[in-house]
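The values are calculated or read from the model by the stated rules, or taken from the named source; none is laboratory data. Predicted model, so just to flag it, every value in this text is computed and none were measured. Ideal geometry is used to build each Cβ from the backbone, glycine not excepted, and the neighbour counts take in all protein chains shown. Note: areas computed on protein heavy atoms with side chains; ligands, DNA, RNA excluded. Shrake-Rupley method; radii C 1.70, N 1.55, O 1.52, S 1.80 Å.
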Amino acid sequence: MSMLSEFDDRPAVPLWLLAASALAMVVHMYLVFVWVPTEAAQGIVQRLFYFHVPAAMAQFTASFLGGIAAILFLVKRDNRYDDLSLAANETVVIFGLVNILLGMMWAKPIWGIWWTWDARLTSAFLLLFLYGAYLVIRPAAPVEHRAVICAVVCIIGMADVPLVYLSNRLFRTQHPAPVIGGGRGSGMEPRMWVVFMFGIFTVMLLWSCVLMIRRRVARLERAAADLTRRSHEMEDLRSYR
Amino acid sequence: MDPQLSFLFWGYAIGWLLIFGYLFWIAQKEKTLRKKVAELQEAMEERWKQKKA
């Protein structure tokens with residue numbers, strides 16, 4: 001049977017999901033730039049919040065998914081979990097970069113600086129650094145141990161997520177206090193809540209599309225590597241004879 | 001332009017560009033890999049035929 005038949009021409013993401021994601025992005029843009037009220041203290045730049053926080057949520061979800069897939073790989077030794085873990089971990093880096101860059105764009109006009117090494121920012125940077133290391137280690141690791149080494153790195157990365165989440169609750173930080181469950185004085189105006197929730201929905205939808213596409217590419221990479229190896233083996237056998 | 005507005009604009013622009021740039025990159029990668037898998041498969045089938053003959 002042809003190996004490519006596994007990767008038929010059906011799109012990696014169902015069309016309805018792509019359409020829903022595109023529509024949600026347009027609606028989200030409208031809500032952010034037109035509909036939501038401007039925050040009184042920080043002004044218009046506070047609207048970065050509606051992309052900055054959902055990107056962080058997508059990053060954390062991806063990190064947990066990657067970590068769980070890595071654990072399942074270590075238990076079952078099924079390469080499909082390794083592929084899923086790789087796909088999730090790459091999205092951790094992409095959405096983590098979005099989160100950090102948007103945070104910097106927000107920090108400059110409000111704090112007057114692009115970056116400070118407080119607990120939240122440092123732990124978020126470390127998380128990104130860990131997953132960046134994962135992507136560097138992966139192609140460099142010996143093929144026979146690659147999946148196991150990567151699974152371990154990815155589990156360490158997942159363990160860092162609660163630290164990032166709790167950093168501005170446990171330590172005094174320049175980063176604002178949590179909006180959700182942050183105690184007295186936390187919370188938002190109702191319309192801001194609507195846009196925030198819709199932002200989470202939109203970014204999670206987009207993240208799931210990206211994840212599905214990347215997962216299929218990971219499977220194709222594995223198929224190409226397997227075929228190359230088999231082809232070399234056949235070549236070796238022929239030259240031996 | 002209000003400097004705050006330019007931070008807002010560039011923030012969203014950079015965010016979307018990063019995500020769509022990444023999507024474009026994986027789409028290109030998928031195309032290349034599909035081609036590679038098809039070529040490898042063809043080459044292997046050819047070898048099997050030669051072996052049988």
Check on A:A62, under 22 Å from the mean Cα position of the chain (by Cα), buried (at least 23 other Cβ atoms within 10 Å of the Cβ), away from chain B (no Cβ under 11 Å) and within 30 Å of B:E39 (Cβ to Cβ) | no
Just a yes or no: is a residue in region B:5-12 open to solvent by 40 Å² or more (accessible area, probe 1.4 Å) and within 30 Å of A:A218 (Cα to Cα)?
-> no
Is there any pair with a first residue in region A:147-161 that is under 14 Å from A:R77 (Cβ atoms) and a second that is polar (S, T, N, Q) whose Cβ atoms are under 9 Å apart and which are 6 or more apart or on different chains, and what are they?
-> A:A147/A:N79; A:A147/A:S85; A:C150/A:S85; A:C150/A:N89; A:A151/A:S85
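Quick one: would you say A:R120 is touching a His at 6+ places or on another chain (Cβ under 6 Å) and either at pLDDT 95 or above or surrounded by 15 or more Cβ atoms within 10 Å (Cβ to Cβ) (or both)? Break it down stepwise before answering.
Details: touching a His at 6+ places or on another chain (Cβ under 6 Å): yes; either at pLDDT 95 or above or surrounded by 15 or more Cβ atoms within 10 Å (Cβ to Cβ) (or both): yes.
The answer is yes for A:R120.
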Return the total of residues in region B:35-46 being open to solvent by 50 Å² or more (accessible area, probe 1.4 Å) and at the interface with chain A (Cβ under 7 Å from one of its Cβ atoms).
-> 1
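Quick one: which of A:R146, A:R169 is of a type outside the set (S, T, N, Q), more than 14 Å from every other protein chain (Cβ to nearest Cβ), under 27 Å from A:A69 (Cβ atoms) and surrounded by fewer than 21 Cβ atoms within 10 Å (Cβ to Cβ)?
Details: A:R169 fails: under 27 Å from A:A69 (Cβ atoms).
None of the other options fit; the residue is A:R146.
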Pull up region A:7-35, narrow it to residues that are assigned to a loop (DSSP other than H, G, I, E, B) and within 12 Å of chain B (Cβ to nearest Cβ), then point me to the one that is most open to solvent (accessible area, probe 1.4 Å).
-> A:D9
Pair list, Cβ < 6 Å and 6+ apart or interchain, from region A:92-120 residues that are free of Cβ contacts under 8 Å to residues at least 24 places away in the same chain to residues that are part of a helix (DSSP H, G or I) and open to solvent by 20 Å² or more (accessible area, probe 1.4 Å) = A:L101/B:I14; A:W114/A:M104; A:W114/A:K108
Please enumerate the residues belonging to region A:204-231 that are open to solvent by 20 Å² or more (accessible area, probe 1.4 Å) and hydroxyl-bearing (S, T, Y).
-> A:S208, A:T228
